[in-house]
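Visitor: First the structure, then my questions, so here it is.
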Amino acid sequence: MTKRTIVAMPGDGIGKIVLSEAIRVLEAAGFQADYVTGDIGWEYWCSEGNALPERTIELLEKHKIGLFGAITSKPKDKAEAELAPELKGKGHVYYSPIVSMRQHFGMDICMRPCKTFKGNPLNFIRKGPGSTIQEPEVDVMIFRQNTEGLYGGVEWTNPSDQVYDAFMTHKKFRDNFEWCPREELAISTRIFTKKYTTRIVRAAFEYAKARGFDSITVCEKPNVIRETSGMMLKVAQEMSKKEFPGIAVYDTNIDAQMMWLTKNPEDYHVIVAGNMFGDIVSDAFAGLIGGLGFACSAQFSEGGVAVFEPTHGSAPKYAEYETPIVNPIAMVMSACMMLDYIGEKEISARIQKAIAKVVEDGKTKAYDMMKLKGSQDVINQGAATTSQMADAIIAAL
């Protein structure tokens, strides 16, 4: 059988470390593929003025499947300062390469699972009746609209006459912001379209139906952000009536959701949200199941391009350690999402079972699982290295 080709994009910092370990686990589990390296990240911004080179886009267009590590992003002034001298002043503008990738390929559907591993010392616990301690089981899938909203990139500082005049046609803008000198004004937009709002809501309904869940929760802020959040809630309510009559629609405001997820997280199984609120609520739920060391994600496009990545950042200081200490589980779980997507469900299930066994046994723990502050010294305190965590997963296969 012809091997599948996977575009491996290590990116920056610890992305390079965890991606190589995930590939090692995939190979040990019997998944055979050819890996081609896709250049992405801060070093390409600094040296080329483009954090997502065209050659990487071409690789994804050809092979369709990507495994991604992590990137470093910095504010506008620092990005400009770190450009190669010959590129400065040439009009290069830094954009997050992963956001650019999502928008280029239309990877509008993002799935972020947060599920409890039995025996994980980082699992959320709460006080129960009397002096009891409860450890609720979290099993939630967050569907995050991935290409629109606040991350759409439609922004201005000191907006042009055309933009400023357009905003001045809105009474709220005139009443509340006309006083502000234009050069002191920064504007970011929050754009929802019905097409892609419908796609992410339908994906949430279909997942709920497949898993046997009887409801989905729209996590937005329609009482204040009436047009955009209101659109998502309305689309969900109408879809429930017409296409999924057995699945109810609940809605929570993002601020209230932050409270409720630490009171009764076991009540939520399918959450759908826009780009920013989906980012927030998925990180919040990830904190209940062990933090970013356990947070994986997948993103898909209509055109068949899919990229799988952990949701943690590049953590550059950890990449400089002589012996890597970061937890690779989020990256390995992201690779399992890739396996599920391409139909290798048996291998995926074996790897996930192995991860669960390692966590429950508790003999091999990364520093985060030992609740240690990240430093090179954690190894002397009994924490497993990144490679040792991967070794333990491989041994448990």
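Visitor: Taking H placed 1.01 Å from N in the peptide plane, check which residues at least 5 places from residue 6 or on another chain put their amide H under 5 Å from its amide H.
Guide: Under 5 Å from the amide H of residue 6 lie the amide H atoms of 34, 35, 36, each far enough along the sequence or on another chain.
Visitor: Order of 24, 174 from fewest to most other C-beta atoms within 10 Å?
Guide: Starting with the residue having the fewest Cβ neighbours, the order is 174, 24.
Visitor: Once phi is turned into ³J(HN,Hα) by the Karplus curve 6.51 cos²θ - 1.76 cosθ + 1.60 with θ = phi - 60°, what whole-Hz value does each residue of segment 176-191 show in order, with x for glycine and proline?
Guide: Values, residue by residue: 9, 10, 4, 5, 7, x, 4, 5, 9, 9, 10, 10, 10, 9, 10, 10 Hz.
Visitor: For the ranges 117-126, 336-345, what's the packing order if you count other beta-carbon atoms within 10 Å of each residue, average per peptide, and put the highest first?
Guide: Final packing ranking: 336-345, 117-126.
Visitor: Give the residues of segment 219-234 whose amide nitrogen is closer than 12 Å to a point set 7 Å from the Cα of residue 260 in the direction of its Cβ.
Guide: Those under the cut-off are 219-221.
Visitor: Got the relative contact order for segment 311-392 handy, in percent, Cα pairs under 8 Å and 6 or more residues apart?
Guide: 39 percent
Visitor: Something else now. Using amide H atoms built 1.01 Å from N in the peptide plane, name the residues 5+ places from residue 251, or on other chains, whose amide H lies under 5 Å from its own.
Guide: Result for residue 251 returns 218.
Visitor: So, one more: Just subtract the alpha-carbon distance of residue 43 and residue 173 from 0.36 nm times their residue separation and send over the number in nm, one decimal.
Guide: Full-extension gain reported as 42.8 nm.
Visitor: What ranking, highest mean first, results for peptides 381-389, 302-310 when packing means the other Cβ atoms within 10 Å averaged over each residue?
Guide: Order by mean packing, descending: 302-310, 381-389.
Visitor: Mind giving me the nanometre distance, one decimal, between the label points for residue 323 and residue 183, set 7 Å out from Cα along Cα→Cβ?
Guide: A separation of 5.6 nm, rounded to one decimal place.
Visitor: From the list [x] 23.3; [y] 21.9; [z] 20.0, can you say which value of mean projected area of the Cα convex hull in nm² was derived from the structure given?
Guide: So the structure-derived entry is [x].
Visitor: As I understand it, the dipole of the chain uses +1 on the Cβ of Lys and Arg and -1 on the Cβ of Asp and Glu, about the Cα centre. Which of 93, 281, 173 lies farthest toward its positive end?
Guide: Result: 281.
Visitor: Through the Karplus equation 6.51 cos²θ - 1.76 cosθ + 1.60, θ set to phi - 60°, convert the phi angles of segment 52-62 into ³J(HN,Hα) values in whole Hz; use x for Gly and Pro.
Guide: 10, x, 4, 5, 6, 4, 5, 4, 5, 4, 7
Visitor: Go ahead and collect, in residue order, the members of segment 188-223 whose backbone nitrogen is under 11 Å from a label point 7 Å along the Cα-Cβ direction of residue 139.
Guide: Counting only backbone N, you get 211-213.
Visitor: For residue 72, list long-range residues whose amide hydrogen, built 1.01 Å from N in the peptide plane, is under 5 Å from its own amide hydrogen.
Guide: Amide H neighbours of residue 72, under 5 Å, 5+ apart: 12, 42.
Values in this text are rule-based calculations from the coordinates and carry no lab data. Keep in mind that what you see is a predicted model, and the values were worked out from it rather than measured. Cβ: placed from backbone, ideal geometry, glycine included. Neighbour counts: every protein chain shown.
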